[in-house]
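Trainee: Sending over a structure as structure tokens; questions will come in a sec.
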Amino acid sequence: MASTIFEKTSSGRKGYTLPVNDVNIKLENCIPSEFSRKEDIRLPEVSELDVMRHFLELAHMNHCIEKGFYPLGSCTMKYNPKINETLARNDGFNNLHPYQEEDTTQGALEIMYELQKDLAEISGFAGVTLQPVAGAHGEFTGLKVIKAYHDFNGNSHKNKIILPDSAHGTNPASVVLAGFDVVEIKSNDKGLVDIQDLKSHVDDNTAGFMLTNPNTLGLFETQVEEIAEIVHSVDGLIYMDGANFNAILGIVKPGEIGFDIMHYNLHKTFATPHGGGGPGSGPIGVRKDLVKFLPTPMVNKQDNKYFMDYGNAETSLGKVHSFFGNFAVNLRAYIYIKMLGTKGLRRVSENAVINANYIQKKLEKYYNIPFKDQYCMHEFVASGVWQKEKYGINTLDIAKRILDKGYHAPTIYFPLIVPEAMMIEPTETESKETLDDFINAMIEIAKECEENPDLLKNAPLNTPVRRVDDTLAVRQLNVKFEW
Ligand SMILES: *Cc1c(COP(=O)(O)O)cnc(C)c1O
């Protein structure tokens, strides 16, 4: 383990020179004395070179997409083009203030307007809000739209949202947060929505249905039109969790096959950086009669001028975030969409799907693939049940061994309906050589399970931190460094 920067301290060593203070204000006049520090703060005393080496060493210990393959299913860890960063750092964007006069922010407003329009066009919806700042936040906003719709129509009794058992954990959490009750239905033996089970749970209290498509098994839900008919027959709305939109860009428009609302994870599908909890962006799109419920303001255009439109104030569910969402994240997604264009976006999905199918096919002899009735989409779920039954190796052991091979592990033990699940998502940005290397590593691991199971039980062997006690870490979480 590396020592902390504090432990590298040597009294009197300095890595900075502060500019001369040319502001004629006394600090004690600005900060009330009860808030001012009584003793000098203890800061690390290190040279500039110490600091550089320290942080570079930490960065090397970490895994990131720039360092290696990152097949973390459901998270779409694609490469984020650096031009997005360069352009987002432009002073013209960086120095904007949300309270500036609209005359002076026409460029930024145009970008938001165009992004609303592009997302609506790509997904087949009538209106888009950019305010939500995560996928889960989009879910919450979409569910509040469902609530506003039913209240508006005098159907406030509708209190149930139906979800399949393959749903991402954020779905039921958002349902509860938005004030609804969760009704869970089963997936069928093909890994898709069980229509009979859906029918038996739909009634007058059904407010809506949430479906991820492609679903979390990496399978395209082929029965959306039938599902829409069932849910609409009781005036319920269908919400699409669009976190897996990366698989169907330019191929399927969710708004045209029966979905009423969807969220986009710009930080997954549209190449804005993510991980570590943010910042993200989770806009939602809705069908025409639901636009009036979206959060205000929307960006609109009249007489060649862009403006913040508060026109829906009467029917809108209100604001869901300060100002206008995560502008700098939305800006990166805008650049990505404009650079790729219609054809480029379609190729993203085609390549993401081919890459996932390639790995799945190459690994099917070595790992159990529970759902193979149809081709997978941009990701697939393998299972470690063979390894567990034959050699007593858990999926957790396999995931730890993958770290030794220089990769980030896939998502494991999700979706919950697959025992010993490993959810592998390569994304479109990886080359065939990278995929082949990963496939070989996975085959090597399958052989190690047979020949040297202890190796897996003790993995990882060559990471900076060896296997941690997850249970203890959860019970006695302590992330505070004491000096
Ligand atoms: C990532 C993800 C979410 C949640 O998105 P966040 O941006 O992490 O809040 C929801 N559903 C699915 C299927 C996802 O993969």
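We did not get these values from a lab; they are worked out from the coordinates using the rules stated. From a predicted model like this one, the values you see are computed outputs, not experimental measurements. Backbone-built Cβ (ideal geometry, glycine too); neighbour counts: all protein chains shown.
Trainee: Cut-off is 10 Å between beta-carbons; in what order do T272, T315, T212, T86 appear when sorted fewest neighbours first?
Mentor: Details: T272 26, T315 15, T212 23, T86 10.
The fewest-first ordering by Cβ neighbours comes to T86, T315, T212, T272.
Trainee: If I take every Cα pair under 8 Å that is 6 or more residues apart in the chain, average their sequence separation and divide by the length, what percent do I get for the relative contact order?
Mentor: On the way: 845 pairs, mean separation 87.6, N = 483.
After rounding, I find 18 percent.
Trainee: Continuing with the same structure: Excluding residues on the same chain fewer than 8 positions from K158, give the lysines whose Cα lies under 17 Å from its Cα.
Mentor: K144, K147, K199
Trainee: Counting other beta carbons within 10 Å of each residue's own, what order do W386, W483 fall into, fewest first? Don't skip to the answer; put the middle values down first.
Mentor: Details: W386 16, W483 8.
Ascending number of Cβ neighbours within 10 Å: W483, W386.
Trainee: Using helices alone, what [θ] at 222 nm do you get for the chain, with -39,500 (n - 2.57) per DSSP H run of 4 or more residues, divided over all residues and rounded to the nearest 500?
Mentor: On the way: 16 runs with 179 residues, N = 483.
Estimated from H runs of four or more residues: -11500 deg cm²/dmol.
Trainee: What longest range of the chain stays clear of loop-exposed GluC sites (Glu not before Pro) (DSSP non-H/G/I/E/B, at most 14 other C-beta within 10 angstrom)?
Mentor: Working: sites that count: E7, E39, E66, E101, E314, E364, E482.
Here the longest run is 102-313.
Trainee: If the reach is capped at under 12 angstrom between alpha carbons, list the aspartates and glutamates near K14, excluding any in the same chain fewer than eight residues apart.
Mentor: In chain and number order, the partners are E45, E48, D50.
Trainee: Counting Lys +1, Arg +1, Asp -1, Glu -1, what net charge surrounds E482 among other residues with beta carbon under 15 Å of its beta carbon? Present the calculation step by step, with values, prior to reporting the outcome.
Mentor: Numbers: positive: R42, K480; negative: E7.
With Lys, Arg at +1 and Asp, Glu at -1, the neighbours total +1.
Trainee: When a/c reaches 1.5 or more, the comparison of a/b and b/c decides; with that in mind, is the stretch 1-130 rounded, prolate or oblate per its Cα gyration tensor? Spell out each step's value before the answer.
Mentor: Details: a/c = 2.81, a/b = 1.37, b/c = 2.04.
It comes out oblate by the Cα gyration axes.
Trainee: Please tell me which of these pairs span more than 32 angstrom C-alpha to C-alpha: K160/K319; K253/K405; K38/K319; K338/K362?
Mentor: On the way: K160/K319 24 Å; K253/K405 39 Å; K38/K319 41 Å; K338/K362 35 Å.
The pairs that break the limit, which is 32 Å between Cα atoms, are K253/K405; K38/K319; K338/K362.
Trainee: Please order K26, K400, K372, K288 by the number of other Cβ within 10 Å, starting at the fewest.
Mentor: Details: K26 8, K400 22, K372 15, K288 11.
Ranked by crowding around the Cβ, least crowded first: K26, K288, K372, K400.
Trainee: If a/c stays under 1.5 just call it rounded; otherwise compare a/b with b/c (prolate if a/b is bigger, oblate if not). Do that for the stretch 6-51, with a ≥ b ≥ c from the square roots of the Cα gyration tensor eigenvalues.
Mentor: Values: a/c = 4.25, a/b = 1.69, b/c = 2.52.
The shape class here is oblate.
Trainee: Would you work out if the chain is rounded, prolate or oblate? Take a ≥ b ≥ c from the square roots of the eigenvalues of the alpha-carbon gyration tensor; rounded if a/c is under 1.5, else prolate when a/b is larger than b/c, oblate otherwise. Each step should come with its number before you reach the end.
Mentor: Working: a/c = 1.75, a/b = 1.05, b/c = 1.66.
Note, shape of the chain comes out oblate.
Trainee: Just flag the chymotrypsin sites (Phe, Trp or Tyr not before Pro) in the stretch 98-187 sitting in loop per DSSP whose Cβ has no more than 13 other Cβ atoms within 10 Å. The partial results should precede the final answer.
Mentor: Numbers: sites: Y99, Y113, F125, F140, Y149, F152, F180; in loops: Y99, F125, F180.
For chymotrypsin sites (Phe, Trp or Tyr not before Pro) across the stretch 98-187 that sit outside H, G, I, E and B with at most 13 neighbouring Cβ atoms in 10 Å, the list reads Y99.
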